[in-house]
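Working notes, beginning with the structure itself.
The values are calculated or read from the model by the stated rules, or taken from the named source; none is laboratory data. Because the structure is a prediction, the values reported are computed rather than measured. As a convention, Cβ positions derive from the backbone with ideal geometry for all residues, glycine included, and neighbour counts pool all protein chains shown. Just so you know, the surface numbers come from the protein's heavy atoms only, side chains and all, with ligands and any DNA or RNA stripped out. Shrake-Rupley method; radii C 1.70, N 1.55, O 1.52, S 1.80 Å.
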Amino acid sequence: MRSKPLVAGVGMIPFTKPGQSEDWDMMAEKAIRMALSDAGIGYDLVQAAYAGFMYADSTAGQSAFYRVGVTGIPIVNVNNNCATGSTALYLARQIVELGGADCAIAVGFEQMLPGALGWIFNDRKAVLEKHTEESQSIPGWDPNGPMAVQQFGGVGMDYQKRYGAKDETFAQISVKARRHAANNPLALFRTPITLEEVMAAKQLFGPVTRLQACAPTCGAAAAVIVSPKFAAKHGLSAVVEIKAQAMTSDTDASFGTGSMIDAIGYGISQSAADQVYEEAGLGPNDIQVVELHDCFTPNELIMYEALRLCPEGQAEQYIWDGDNSYGGKHVVNPSGGLLSKGHPLGATGLAQCYELTQQLRGNAEARQVDGARHALQHNLGLGSAGVVTLYGRV
């Protein structure tokens, strides 16, 4: 049996609004240096590197890593929509677990523009053709409106049609996100908000108001992944293990069902979660803390069920019972999540890794989850890519 890789070091800079950050390569450099310092090693010991980003030119990863060292190692640039950071982590974990390297590093960074996400290349056919076709079947679809909010707002409408969830249920997720983020010095939005404020904000689509959508953000995060042999040889205090990880894409079941829930990542997330539970020999009741992809509140709600944190159709009760926060069954997004911490697309997956590593080390300070021994990470990219990672304290 192959030994499981260890998270030896993590680094993350505070997330900021567009126009308030340093250049992308400088943000990446800081996160890389922080992760190496946290691990207690120099860049000269790194044998493979992976750089995740969406909005930068080719080989931006080399430009970022060269600010730290120019050592001739393989550097791979990764773009997998909002799952980019977790895809870089997946590749770093994979090369170490399979024995291709004993020490790898993954960095994710993004320097974003203000406003809703849009297409970069307007002179050619757009991607997400299958997903857009599904979205256009939703009543009220506006071809000139922001794509992402209509897709995830459509998810909320779909869930309400199935199970009758109240608009306030989705809004409560944003209230929880801000409450958690108040204890995270690296989060973008740290001021608590009330249910009434969320409900009174501008309605975007379906049950989603402006305070239920993540904001464009700039930032960077990184993680150093090592083999147990490497950790022992260099005397590293690496107590967080990647017990299981899976990455999935769509199947035929994602399309043609008339369901936005199916088209926007429910099935691929559930499949990835099931794979990691089976590989790790654990289940959702063994998990204490979760960082999941809450780009819009409906996505967090359906992912409670996809990740089997609660039974299908019971996410609303799960929320109102407080089972998604401190004192409940699982603490979901103690960092504040994408809604409050921010969502620099390429960095998000590695920021989730940063938070869960601190939780399992017992270093999360005011947001620490008591007794955290197992943690679950979920990162979703439209198009699609679903990455689920299960960590454990060794």
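Residues of segment 1-28 that are touching an Asp or Glu at 6+ places or on another chain (Cβ under 6 Å), among the charged types (D, E, K, R) and either over 16 Å from Leu360 (Cβ atoms) or open to solvent by less than 30 Å² (accessible area, probe 1.4 Å) (or both): Arg2 alone. What are the pairs with Cβ atoms under 7 angstrom where one residue, in segment 241-261, is over 30 Å from Ala39 (Cβ atoms) and the other, located anywhere, is not in a helix (DSSP H, G or I)? Sequence gap at least six, or different chains. Listed pairs, sorted by first residue: Ser249/Ser384; Ser249/Ala385; Asp250/Ser384; Gly258/Ser137; Met260/Ile138.
Scoring Ser335 on the criteria (1) touching an Asp or Glu at 6+ places or on another chain (Cβ under 6 Å); (2) open to solvent by 10 Å² or more (accessible area, probe 1.4 Å) leaves a single failure, condition (2). When each of Leu356, Leu380, Leu309 is tested for being in contact (Cβ under 8 Å) with a residue 40 or more places away in the chain and touching a His at 6+ places or on another chain (Cβ under 6 Å), the lone residue that passes is Leu380. Under the condition of being outside any loop (DSSP other than H, G, I, E, B) and touching a helix residue (DSSP H, G or I) at 6+ places or on another chain (Cβ under 8 Å), the residues counted in segment 360-391 number 16. When segment 262-274 is limited to residues that are modelled with pLDDT under 95 and part of a helix (DSSP H, G or I), the one that is most open to solvent (accessible area, probe 1.4 Å) turns out to be Asp262. Here segment 285-307 is the region considered, the condition is being touching a helix residue (DSSP H, G or I) at 6+ places or on another chain (Cβ under 9 Å) and polar (S, T, N, Q), and the residue that is most open to solvent (accessible area, probe 1.4 Å) is Gln288. Scanning segment 91-118 for residues that are open to solvent by less than 40 Å² (accessible area, probe 1.4 Å) and farther than 21 Å from Asp44 by Cβ turns up Arg93, Glu97, Gly108, Phe109, Glu110, Met112.
Checking each residue in segment 29-70 for being open to solvent by less than 60 Å² (accessible area, probe 1.4 Å), farther than 22 Å from Cys218 by Cα, of a type in the set (A, V, I, L, M) and assigned to a loop (DSSP other than H, G, I, E, B) picks out Ile41, Val46. Does Asp294 meet the test of being closer than 25 Å to Gln160 by Cα, assigned to a loop (DSSP other than H, G, I, E, B) and not polar (S, T, N, Q)? Answer is yes for this residue.
Condition check ((1) of a type in the set (Asp, Glu); (2) within 11 Å of the chain's Cα centre (by Cα)) across all residues:
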| site | (1), (2) |
| --- | --- |
| Asp321 | yes, no |
| Asn324 | no, no |
| Gly327 | no, no |
| His330 | no, no |
| Asn333 | no, yes |
| Gly346 | no, yes |
| Gln359 | no, no |
| Ala366 | no, no |
| Ala375 | no, no |
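Checking Gly383, Gly322 one by one, the residue that is modelled with pLDDT under 95 and either farther than 25 Å from Leu113 by Cα or open to solvent by 10 Å² or more (accessible area, probe 1.4 Å) (or both) is Gly383 and no other. Taking segment 119-140, which residues are open to solvent by 50 Å² or more (accessible area, probe 1.4 Å), modelled with pLDDT of 75 or more and closer than 22 Å to Ser254 by Cα? Scanning segment 119-140 gives Lys125, Val127, Glu129, Lys130, Glu133, Gln136, Ser137.
Listed here are the residues, each with its yes/no results for (1) in contact with a strand residue (DSSP E or B) (Cβ under 8 Å, 6 or more places away or on another chain); (2) within 30 Å of Gly256 (Cβ to Cβ).
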{"position": "Pro74", "(1), (2)": "yes, no"}
{"position": "Thr84", "(1), (2)": "yes, yes"}
{"position": "Thr87", "(1), (2)": "yes, yes"}
{"position": "Ile95", "(1), (2)": "yes, no"}
{"position": "Asp102", "(1), (2)": "yes, no"}
{"position": "Ala106", "(1), (2)": "yes, no"}
{"position": "Leu113", "(1), (2)": "yes, no"}
{"position": "Glu129", "(1), (2)": "no, yes"}
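Pick from Thr87, Thr169, Thr191: which is of a type in the set (Ser, Thr, Tyr), over 17 Å from the mean Cα position of the chain (by Cα) and part of a helix (DSSP H, G or I)? Every option except Thr169 fails the conditions.
None of Pro216, Pro185 is open to solvent by 10 Å² or more (accessible area, probe 1.4 Å), within 22 Å of the chain's Cα centre (by Cα) and at pLDDT below 95 except Pro216.
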